[in-house]
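Here is the structure we will look at.
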Amino acid sequence: MSVADAKPAPQARVFKYQTSAPTTLVVMRDKGMIGAGCDASIFINGETVAKLETGEKATFHLDAGQWIVGASLEGAGLCALNPARQERETITKAGETKVFRVFTSNAGDIDILPTTL
């Protein structure tokens, strides 16, 4: 799935970094059945900034610099069995847009990786 195909998450599930800033970070969650009943919590520098359902994206406006972007599955039942939050470091520069993809493997493990799609 490309970032253009992902639907924006409702504002009620996007909590921070919504005012103008020099850089843009987009986090999208893949479509698919595995983990579809669980919300994906998105973190920036350890703070929960959004909750995404499958096929959704959230856009964040950040200052230039070093950031830690993470994701974890939340919910009851099998959602609670997922391993701890996965995190990646990124460095943003003024005028730049970076995109990260949240996905769930066939084994049910969540991950977050940079993408150019």
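Quick note: the coordinates plus some simple rules give every number you see, no bench work behind them. Just so we're clear, the structure is a prediction, and the values are computed from it rather than from any experiment. Here the Cβ is made from the backbone with ideal geometry for all residues, glycine too, and neighbour counts use every protein chain on show.
Numbers below:
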read-out	value
In order through segment 98-112: 3J(HN,Hα) via Karplus (6.51 cos²θ - 1.76 cosθ + 1.60), integer Hz, x for Gly, Pro	10, 10, 10, 10, 9, 9, 10, 6, 4, 7, x, 8, 8, 8, 9
Estimated dipole of the chain in Debye, rounded to 20 [Cβ of Lys and Arg +1, of Asp and Glu -1, Cα centre]	200
